[in-house]
Amino acid sequence: MTPLARILLARIDATGPITLAEFMAECLLHPEHGYYTGETVFGRQGDFTTAPEISQMFGELLGLALAQCWLDQGAPQGATLAEAGPGRGTLMADMLRAQGKVPGLPGALSPHLIEASPRLREVQRAALAGQPSRWLERVDDLPEAPLFFVANEFIDALPIRQFRREGAGWSECMVRRAGEGLGLAFTPPEPRPELAHRLADTAPGSIVEFRPALPALIAALAGRVSRHGGVALLIDYGDWRSRGDTFQALRDHTPCDPLATPGTADLTAHVDFEAIARLATRAGAVVTAMVPQGTFLEHLGITQRAQSLARVMPDNAALENHIAAHRRLTHPQEMGSLFKVIAFHPRGSTPPPGFEP
Ligand code: SAH
């Protein structure tokens, strides 16, 4: 049993079953035993590999897409470049390197990283050595200024609650004690006004998931973008109105039981892009179509960038890696269609590049 399992069992014994969201928050960010806050290896050798860790092309293209938005919106001074959940800091480092070549941009956009894990902040500080950057605890702490924002695989790590439809009501999946360990059980059904719109696309027995932190997150981002200008680019795995049980734990690149060893595996769930679009629209922003990552990167010119990098690869092994990385990021059977991209921008502004049909 992990130390965190003991802590969670004690809490459940004292105050009753907890929601999946409470469970996920403790597993990922418990100050001592959380997956992101503890000692677990993270990154290429860790439990999963993210797009920026696969190739520098990912961060370069996103950095230049944000730069294009900045130019299209009149190159505002005193603007913010921000990333939430920056992991090892690779995406931000690649974005800054690419943006460094855009005349006038480096002094105008000040980099901000939103990171909850003190340990990962240190990793990011090392990756950005020499770049003046600020770290924030929450998106709400971002300056009231034009905001050029990106997040890759951040929303999937935000805790979910999970509900099963029973008639016109919903029962909730809870984590409780099961013998010596942890188990799952559903509550008796009740009406859930916040899930009323899901009665249309589900049947009894259907599972839907809900992220309690999403409304405040999208309101903070879309509010700033609408009031001051900028753009928010969100990349994650999921779908429009994602459905079903998508809660998963990964250790060593392999799915594992999320309840067995809390704190030692990465926990995620699919992102519902419709929820993002609805919340951003409500906050006054214009929302793009949701497009597959492969299509988005092709539109931004990944093939041309891949060809020019191929010419400077030091040897055949590096070239083969590079070709495999391009394929991994874009091919429909790899990350190309499981991952989606959506963006929002102010009313009346030029839409960001990459989303054209
Ligand atoms: N974007 C990175 C890593 C994604 S992993 C990449 O593409 O490689 C998720 C990241 O979000 C980690 O840095 C984790 O510490 C951070 N994180 C998770 N929950 C958070 C929260 N509630 N607030 C801020 N950061 C969070």
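Suppose the filter is at pLDDT below 95, touching a strand residue (DSSP E or B) at 6+ places or on another chain (Cβ under 7 Å) and acidic (Asp, Glu); does residue 252 pass it? Taking the combined requirement at face value, the residue does not satisfy it. Residues in segment 279-323 that are assigned to a helix (DSSP H, G or I), in contact with a helix residue (DSSP H, G or I) (Cβ under 9 Å, 6 or more places away or on another chain) and among the hydrophobic types (A, V, I, L, M, F, W, C): 279, 280, 296, 297, 302, 306, 309, 310, 319, 323.
Regarding segment 206-222, can at least one residue be identified that is open to solvent by 20 Å² or more (accessible area, probe 1.4 Å), modelled with pLDDT under 95 and not charged (D, E, K, R)? Within segment 206-222, one or more residues are open to solvent by 20 Å² or more (accessible area, probe 1.4 Å), modelled with pLDDT under 95 and not charged (D, E, K, R). If the condition is being closer than 11 Å to residue 267 by Cα and hydroxyl-bearing (Ser, Thr, Tyr), then segment 1-35 contributes only 35. Each residue in segment 150-177 was checked for being hydrophobic (A, V, I, L, M, F, W, C), within 16 Å of the ligand (Cβ to nearest atom) and either open to solvent by less than 10 Å² (accessible area, probe 1.4 Å) or over 18 Å from residue 195 (Cβ atoms) (or both), and 6 pass.
Scanning segment 136-149 for residues being crowded, with 18+ Cβ neighbours inside 10 Å and under 20 Å from the mean Cα position of the chain (by Cα) gives a total of 5. Kindly list, by first and then second residue, each pair from a residue in segment 106-120 that is within 14 Å of the ligand (Cβ to nearest atom) to a residue that is open to solvent by 50 Å² or more (accessible area, probe 1.4 Å) and among the hydrophobic types (A, V, I, L, M, F, W, C), limited to pairs with Cβ atoms under 6 Å and residues at least 6 apart or on different chains. The qualifying pairs are 116/29. Scanning segment 91-122 for residues that are within 21 Å of residue 29 (Cα to Cα) and open to solvent by 20 Å² or more (accessible area, probe 1.4 Å) gives 116, 118, 119, 121, 122.
Every condition in (1) surrounded by 20 or more Cβ atoms within 10 Å (Cβ to Cβ); (2) within 14 Å of the ligand (Cβ to nearest atom); (3) over 16 Å from residue 152 (Cβ atoms) is met by residue 86 except one, and the failing one is (3).
Kindly establish whether residue 282 is open to solvent by 80 Å² or more (accessible area, probe 1.4 Å), among the basic types (Lys, Arg) and either farther than 30 Å from residue 25 by Cα or at pLDDT below 95 (or both).
Details: open to solvent by 80 Å² or more (accessible area, probe 1.4 Å): yes; among the basic types (Lys, Arg): yes; either farther than 30 Å from residue 25 by Cα or at pLDDT below 95 (or both): no.
When the stated conditions are applied, residue 282 does not pass them.
Given the structure, is residue 180 under 27 Å from residue 3 (Cα atoms), in contact (Cβ under 8 Å) with a residue 40 or more places away in the chain and of a type in the set (Asp, Glu)?
On the way: under 27 Å from residue 3 (Cα atoms): yes; in contact (Cβ under 8 Å) with a residue 40 or more places away in the chain: yes; of a type in the set (Asp, Glu): yes.
Yes, satisfied.
The values are calculated or read from the model by the stated rules, or taken from the named source; none is laboratory data. Bear in mind the structure is a predicted one, so any value in this text is a computation, not a measurement. Note that we place each Cβ from the backbone using ideal geometry, even for glycine, and neighbour counts take in every protein chain shown. Heads up: the accessible areas ignore ligands, DNA and RNA and are worked out on the full protein's heavy atoms, side chains in. Shrake-Rupley method; radii C 1.70, N 1.55, O 1.52, S 1.80 Å.
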